[in-house]
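These notes concern the structure reproduced below.
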Amino acid sequence: MGEGAKGRVNMPDERQRRLWDRFREKMGVSAAEREKRADLSRKYWPEDCKRTMKTADEVLEHTFLFQLPWDMEQTQEPVHFPEKIHWKYVLNEDPEFAYQMNRHRYWICLGQAYGLTGEEKYAGELAFQLKDWVSNVPLTEENESLVWRTLEAGLRADYWVRAMALCADSPAMTEEVISAFWEGLEVHAKRLFDNPKTGFSRKSNWGVMEFAGLYVLGFLLDREDYVERSCRYLRHGLHVQVMDDGMHWEASPMYHNEVLMAYLEVLRVAGIWGDEPFSREEIRVIENMAMATMNLMTPAKCQPMIGDSDDTDVRDLLSQGALILKNGQIRAGGFENLDYESIWLFGTEGFREYQELKAMKLEAGLVEFPDSGQVILRSSWERNADWLYFINGPLGGGHGHQDKLHLGFWMNGEEVLTDSGRYTYTDVPVRYELKAARAHNVPMIRGLEYADSKDTWTYEALPQCFPNQVCRKGEYLFVEGTHGGYEDRGIFIRRRIVAVGWDILAVSDTFFGNEPKEIMQSFHFGETIRLSETMDGAAGTGETCGFEMRGFAEGEKASMELGTAPISRHYNQLGRTEELVVNGKDVRTLTTFLVRRQGNEHVKISKETVCNGVNGYRLMPGEAEGYVIETGSRKIGLVFLHQEVGNQADYNGICGICGLGRTMVCDLAGEPEYMTVLQW
C-alpha cells in the first residue's frame, strides 16, 4: 500500500504468512466456537442479532447508515453507492460521515453476520471492501485530514482485527486478501507510530484511542517498539487525563466512555498475548473510570447527555469492564448476562466467567464527584428510580458545553429535567444553540450568555466555577455551586438546591455584586412531559409522574413563560421539547419549586417572613426568604439567607422555628423545636 499513490496489492511474503498463522492461532475464531457464540447471541440478544443482520445486509448493498450504539457520530439518512464505494464521501457538508464511514466499525457486523448465518457472502464482502479500501485510499497528504486522521487510524486498526478474527478461516480470505490485510495494518502502524501531534495526543481522548490501536498492532506485527511506545503514551494518559474522581477531564460522559473502552480493549488484547501493560495503580484508575460510568448512569441505564454526549446505554460497557477487571461491583451495573458485543469478543469462556462473577449489591444514595463538579442522588438502582443530577465543574475540552449549575431530575424512572444534547459538530446555528448556557437548566442574566462560542470547538471565555458544597441529613439534600461567568460585569451566581425526599425540589439562584436588570432560570423537559399553565405557575404531566412548579422573585410571584426548545438524543437527530423560563426584574434571587403531585391533592406554597428569634427583627426579602410547602400530608418549612449569619441577625426562622444557618429546613407537620441546618 503506497504512501504517495494508489496501493498495489501483492501476494503475502514469508513474514506476512508467518504473522497470519500466528494471528489465526492467537485471535482467530474457529467455526465451532463461532457457532457457539452465535447460539448465545441468538438466545440472549435477539434484537442485537437483528441489528447486526440489518447493518450487514445494508453493507452488502453498499448502503451506509451508522446507528450502532457506540457509533460516535450516528446518521439518520442512509447513503447508497450503486456502483463504486466513495470512501471520501461527505454527507450534508459534515465530514463526520466520512470519519465514521472510515472507522469501519460495520465490518465487525459482517464478521458477526458470518457467524450468525455461516453464509460466505458476509466474509466475502469484508474481503472485497478491505481490498478496495487498501487499493483506493492510500496514506497521502491529500487524504490525511479526512480519512487518515490518527483517530480513525487507531480505531480502524482495532476494528479490522476484530472483524478479521471472525472470518479468518473463510475461503474468502485469499492470498491477495491476506496481503492487503497486512499491508494495510503496516501503514496504519507507521502512521500511529510517527504520530505528528504527540502533544495533542498526550492530553486528548484521541491519544488514548490512537495508541490503543498501535498497541494492538504491536502484537500483530510482532513489533516490540510499537508496543513500548503505545504503553508509554497509554500510561501517561491515565496519569494526566483522568481526574481523581474517575472522570475524564474533557467533561463529556460519551468521550469518557470512549476512552474507557479503549483501555478495556488494551487489557483484553494484553490478556490474549500475555502482557501486563499497566501497574496495579493504573488498573485502579481504569476501575475508577468504570465506577464513574456506573455512578453517572441514569435510571434508563444511559450516560447523561452532558457536553457532546448521546443518550447511550452503558450496560454493555460495564459488563465488559466487569469481566476484564473481575469486579463484582461493576458487574452489578452491567447486564444480567454478558452483553452481545462481549460474547463475540470473549466467547463461551468469557460468558462462563461472567456468569460466575458474583454481582455485589449496590447501595442507592448520594455520590459526589469533587473534581468534575458532579453530584448524583438516586432512590434505587431500579428502572423506576428517582434521580437527581447536578454539575458545576470545569469546561474540559472542545466537547464541553456551558452547563455550569445545570440540574437534571427524574421521577419514577421518567426524565423530567434534561440536557439538550449536541446534534452536530458543523458550523451551523443549532450547534451553538445547544452548546450555550441557554440550552441547559441554569440561571442566567436574561438575554446574555456568560461565555459565547468562538467557533464550533472553543469559547470566547473560560469562566471559573468554585468548589461545590454538599450536605445530606436524613431525607434532606443540600447542594450549592457558584461560578464567575459574569465576573466582567461584577456579578457572581450562586445556585442552592434543597431536596426534601423526592417530593419537593427547591432551586434558588442568587446574583451577587452589581444588580442585573433581569434574571432568569431555564428548565428543559423530557419529551414525555407536557406542561400547562396554572393560576399559580405551571403543571407538568408525564407517563408516570405529575408535578407542579412555582417561581418566586425575592418572595413575590415570578413570571413563568412556557415554550419549546431543541433536543438531540443522538448525533444528527433533532426534536423539540417543552421549556419553562422563570423571570425576575430588578431582583437578585429567583427561587423555583418543583413539587411532586400526589393524586389530585393541591400543592400550596406560601412565602413567610423570616424573623430573628431573639429580637424579632423581620429580615427583608433581599436578606432572606422563607417558604412553607404543603403537599399531601407534608408541610415543610424552608429558609434561605442571602447573607452571612451575624450582626444580631443570627438566630432566624419562620413559623417560630429558628436556627443558626444560612440554608435551613424543618418538618412543620412534626412539630419541630428547631431548624435543621443544611448550610452554616
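Considering only C-alpha atoms, what is the centroid distance from region 352-421 to region 257-290, in Å?
A separation of 23 Å, based on Cα centres.
Just report the Cα centroid separation between region 619-680 and region 95-151, whole Å.
First find each Cα centre; the distance between them is then 63 Å.
With θ set to phi - 60°, apply the Karplus curve 6.51 cos²θ - 1.76 cosθ + 1.60 along region 227-244 and write out the HN-Hα couplings as whole Hz, x wherever there is a Gly or Pro.
4, 4, 5, 4, 4, 4, 6, 5, 5, 4, x, 5, 7, 9, 8, 9, 5, 5
Of all GluC sites (Glu not before Pro) in region 570-619, which ones are in loop regions per DSSP and have a Cβ with at most 13 other Cβ atoms within 10 Å?
Numbers: sites: E578, E579, E601, E608; in loops: E601.
Sparse-neighbourhood loop GluC sites (Glu not before Pro): E601.
Quick one: which residues, 5+ away or cross-chain, put their amide H under 5 Å from the amide H of I567? H built at 1.01 Å from N.
So I567 has HN proximity to G575, R576, T577.
For V216, V285, what's the largest-to-smallest order of accessible area, 1.4 Å probe?
Result of the area sort, largest leading: V285, V216.
Among N327, G393, L377, which residue has its Cα positioned farthest towards the positive end of the charge dipole of region 315-407, with +1 placed on the Cβ of Lys and Arg, -1 on the Cβ of Asp and Glu, and the dipole taken about the Cα centre?
L377
How far apart, in nm, are the 7 Å Cα→Cβ label points at R472 and D650?
3.2 nm
What's the magnitude of the charge dipole for region 373-478 around its Cα centre, counting Lys and Arg as +1 and Asp and Glu as -1 at the beta-carbon? Answer in Debye, nearest 20. Write down the numbers at each step before the final one.
Working: 11 positive and 13 negative charges, 46 e Å.
With Lys and Arg at +1 and Asp and Glu at -1, about 220 debye.
How big is the charge dipole of the chain about its Cα centre, in debye rounded to the nearest 20, if each Lys and Arg gets +1 on its Cβ and each Asp and Glu gets -1 on its Cβ?
640 debye
With r defined as the distance between the Cβ atoms of K517 and E14 and R0 fixed at 60 Å, what FRET efficiency is calculated, to the nearest 0.05?
0.15
Percentage of Cα-Cα pair distances in the chain greater than 42 Å, rounded to whole percent?
32 percent
For the chain, take the longest principal axis of its alpha carbons; what is the angle in degrees between that and the long axis of helix 253-273, to the nearest 10 within 0 to 90?
So the inclination is approximately 40 degrees.
For V614 and W381, compute 0.36 nm times the residue count separating them, minus their Cα-Cα distance, and round to one decimal in nm. Mind dumping the intermediate values first?
Values: separation 233, 0.36 × 233 = 83.88 nm, distance 4.58 nm.
In short, 79.3 nm is gained.
Measure off 7 Å from each Cα along the Cα-to-Cβ vector at E673 and H80, then give the distance between these two points in nanometres to one decimal.
The two pseudo-label positions are separated by 7.9 nm.
Using alpha carbon centroids, what distance separates region 456-508 and region 520-555, in Å?
Region 456-508 and region 520-555 have Cα centres separated by 20 Å.
Provide the packing ranking of 171-183, 146-158, 23-35, i.e. peptides ordered by the mean count of other C-beta atoms within 10 Å per residue, highest first.
Descending packing order for the listed peptides: 146-158, 171-183, 23-35.
Quick one: what are the phi-derived ³J(HN,Hα) couplings along region 645-662, Karplus 6.51/-1.76/1.60 with θ = phi - 60°, whole Hz, x for glycine and proline?
7, x, 6, 6, 10, 10, 10, 10, x, 9, 6, x, 9, 10, x, 10, x, 8
Roll a 1.4 Å probe over the protein chains and send me the accessible area per residue for the chain in Å².
Solvent-accessible surface per residue comes out at 38 Å².
Which entries in the list K197/K301; K50/K121; K473/K557 go over 27 Å, if you measure between the two C-alpha atoms of each?
K197/K301; K473/K557
What GluC sites (Glu not before Pro) does region 499-539 have in DSSP loop regions with at most 14 other beta carbons within 10 Å? Please list the in-between numbers first.
Values: sites: E518, E527, E533; in loops: E527.
Loop-located and lightly packed - E527.
Grab the Cα-Cα distance for D488 and V430, subtract it from 0.36 nm times how many residues apart they are, and report the gain in nm with one decimal. Numbers along the way, then the final one.
Values: separation 58, 0.36 × 58 = 20.88 nm, distance 2.67 nm.
Residue separation times 0.36 nm, minus the Cα-Cα distance, leaves 18.2 nm.
Would you mind computing, in nm to one decimal, how far apart the modelled labels at E543 and E142 are, each placed 7 Å from Cα along Cα→Cβ?
Output for this residue pair reads 5.1 nm.
Hey, what angle do you get for helix 106-117 against the long axis of the chain, alpha-carbon based, 0 to 90 degrees rounded to 10?
The helix 106-117 is inclined about 70 degrees to the chain.
Angle check, please: helix 205-220 long axis (alpha carbons) against the longest principal axis of the chain (alpha carbons), in degrees 0 to 90, nearest 10.
Its long axis makes an angle of about 30 degrees.
At a 1.4 Å probe, what is the % contribution of carbon and sulfur to the accessible area of the chain?
Values: 12310 of 25700 Å².
Its accessible area is 48 percent carbon and sulfur atoms.
Along the charge dipole of the chain, Cβ charges K/R +1 and D/E -1, which of Y651, S41, W502 sits furthest on the positive end?
Looking along the dipole axis, the top candidate is Y651.
Expected output is a single nm value to one decimal: the length gained when fully extending between K88 and E35, i.e. 0.36 nm times separation in residues minus the C-alpha distance. What is it?
The span from K88 to E35 would gain 15.5 nm if fully extended.
The values are calculated or read from the model by the stated rules, or taken from the named source; none is laboratory data. Please read all numbers here as calculations on a predicted model, not as lab measurements. Positions of Cβ are backbone-derived with ideal geometry, glycine not excepted, and every protein chain shown enters the neighbour counts. Please note that ligands, DNA and RNA were not included when accessible areas were found on the heavy atoms of the full protein model with its side chains. Shrake-Rupley method; radii C 1.70, N 1.55, O 1.52, S 1.80 Å.
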